[in-house]
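Undergrad: One structure, as structure tokens, below. Some questions next.
The values are calculated or read from the model by the stated rules, or taken from the named source; none is laboratory data. Here the structure is a predicted model, which is why all the values come from computation and not from measurement. Cβ atoms come from the backbone with ideal geometry, glycine included; neighbour counts cover every protein chain shown. All accessible areas refer to the heavy atoms of the entire protein, side chains included, with ligands and DNA or RNA removed. Shrake-Rupley method; radii C 1.70, N 1.55, O 1.52, S 1.80 Å.
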Amino acid sequence: MTRGEQARPHADLDAWTARLWDAVIVGDEYAATDAAVAALDEGMDAETLLLDVIAPLQARVGSEWAANRLTVVQEHTATAVIERVIAALALHPAVRRRQRGEPRGRIAVACIDGEWHALPARIVAEVLRLRGWQVDYLGAQVPTPHLISHLHRTGPALVALSSSIATRLPAAHAAITACQATGTPVLVGGAAFGPDGRYAALLGADGWAPNARAAADLLADGPLRKPKPAHQPVDDLPHLADQEYARVTGTAHRLVRRTMDELQSRFPAMADYTEQQRRHTAEDIAHIVDFLGTALYLDDPDLFTGFITWTAGILTARDVPARSLVPALDLLAEQLAGLPRATDLLRRAQDALRRPAPPAADEDSGVLAEPVGDPDPDPGLGRIA
């Protein structure tokens, strides 16, 4: 498929989607692979199958988990099946024929260090191969030093970096600047960078694409501009000079521990928590601190507020009142009273919780997350993990 060419409608697109969903949702990788291969055999374009069937299918898996209609195990199983389907498609004769001939150039595709959502990057890699590129797919959680070694050894024309979770954006920033220091342009994508790519621009990436088709079209227009001269991440984000990000992330374990120590006095329902629920509560608070740190890094209040309201929606879908978040935010604000940006973020999040919660949505929606315990009249944090 060339640039600008739209995916041709397929008369049975909905039917193939339903057939694949039925197999994926029960974890039947053989039936799912058979369905995908049959779609290609009957004439469906491989890019259409990847982007108009499989990618939305994965987004639906995440949405079903967020709505508490799938357990985390079912979600992981479905994702694993989809990954196996994509691997099988890459070996299909129709796909291999598309990849013959002299490649346009070499591209490295990798997930940011700490980013284990590999499916969006894998779809990008397969679409770029279909468009004629030689692709080095490096997979999930690629440490930046290893990525740089690969760039020095292979000299690709471009590196494409993927991240789905916003808390990996500081690591993404470090990877972007390190890749650019080798003279390699960086294209980024994934939900972490925002639906409009705002964080891609903020972190100095040379290009951004909302999905795999857009990435391939962008590269069909010609090479990305050469990176700016070598620089440090703080050059892009001068607000980091106030050290609030460093102070929050550097004391994250202490913040979580002190919040846990005081939380029961603010939220008496914790007295009846099991040890497992207490452990999960600590994990929930750690996620809050992680997102707080990332919002400080980017100086973006909407990022933290969005995470808190998303979490409230997840809790609500599991019959857990969103007010269980408020005592934890109060305790964090008290510990961070000397940090004006951090306390402002926490205040904004508390204000957002007082407004009606939006429907739960999945972090991974728009591809290029556990059931509640026994019913409780006043459950809180720790009941979703």
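Conditions tested, residue by residue: (1) in contact with a helix residue (DSSP H, G or I) (Cβ under 7 Å, 6 or more places away or on another chain); (2) open to solvent by less than 60 Å² (accessible area, probe 1.4 Å); (3) part of a loop (DSSP other than H, G, I, E, B).
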{"site": "224", "(1), (2), (3)": "no, yes, yes"}
{"site": "230", "(1), (2), (3)": "yes, no, yes"}
{"site": "258", "(1), (2), (3)": "yes, no, no"}
{"site": "270", "(1), (2), (3)": "yes, yes, no"}
{"site": "279", "(1), (2), (3)": "no, no, no"}
{"site": "286", "(1), (2), (3)": "yes, yes, no"}
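The rows are residues; the columns are (1) in contact with a strand residue (DSSP E or B) (Cβ under 8 Å, 6 or more places away or on another chain); (2) farther than 22 Å from residue 229 by Cβ; (3) among the basic types (Lys, Arg).
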position	(1), (2), (3)
143	no, yes, no
169	no, yes, no
173	no, no, no
181	no, no, no
205	yes, no, no
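Undergrad: Can you tell me which residues in the stretch 181-198 are open to solvent by 10 Å² or more (accessible area, probe 1.4 Å), out of contact with any His (no Cβ under 9 Å at 6 or more places or on another chain) and in a helix (DSSP H, G or I)?
TA: 198
Undergrad: Residues 220, 212, 178, 166: which one is buried (at least 22 other Cβ atoms within 10 Å of the Cβ) and more than 20 Å from residue 303 (Cα to Cα)?
TA: Unique residue meeting the criteria: 212.
Undergrad: Quick one: which residue in 8, 69 is touching a helix residue (DSSP H, G or I) at 6+ places or on another chain (Cβ under 8 Å), over 30 Å from residue 152 (Cα atoms), open to solvent by 40 Å² or more (accessible area, probe 1.4 Å) and modelled with pLDDT under 95?
TA: On inspection, the qualifying residue turns out to be 8.
Undergrad: If you don't mind, another one. Regarding residue 205, is this residue farther than 25 Å from residue 60 by Cα and either modelled with pLDDT under 95 or surrounded by 21 or more Cβ atoms within 10 Å (Cβ to Cβ) (or both)?
TA: yes
Undergrad: Would you check which residues across the stretch 85-111 are buried (at least 16 other Cβ atoms within 10 Å of the Cβ) and in contact with a strand residue (DSSP E or B) (Cβ under 6 Å, 6 or more places away or on another chain) and list them?
TA: Of everything in the stretch 85-111, those that are buried (at least 16 other Cβ atoms within 10 Å of the Cβ) and in contact with a strand residue (DSSP E or B) (Cβ under 6 Å, 6 or more places away or on another chain) turn out to be 107, 108, 109, 110, 111.
Undergrad: Using beta carbons and a limit of 7 Å, which pairs, at least six apart or on different chains, have the first residue in the stretch 324-337 and open to solvent by 50 Å² or more (accessible area, probe 1.4 Å) and the second one not hydrophobic (A, V, I, L, M, F, W, C)?
TA: Note: pairs meeting the criteria are 330/266; 335/258; 337/343.
Undergrad: Okay, next question. Suppose we keep only residues that are in a loop (DSSP other than H, G, I, E, B) and of a type in the set (A, V, I, L, M, F, W, C) within the stretch 199-217. Which one would you say is nearest to residue 48 (Cα to Cα)?
TA: Taking the candidates together, the pick is 209.
Undergrad: Sort out which residues of the stretch 310-323 are within 17 Å of residue 268 (Cβ to Cβ), open to solvent by 10 Å² or more (accessible area, probe 1.4 Å) and part of a loop (DSSP other than H, G, I, E, B), and write them in order of number.
TA: 321 - this is the single residue of the stretch 310-323 that is within 17 Å of residue 268 (Cβ to Cβ), open to solvent by 10 Å² or more (accessible area, probe 1.4 Å) and part of a loop (DSSP other than H, G, I, E, B).
Undergrad: Sticking with this structure for a sec: How many residues are modelled with pLDDT under 90 and not in a loop (DSSP other than H, G, I, E, B) when one looks only at the stretch 91-116?
TA: Number satisfying all stated conditions: 6.
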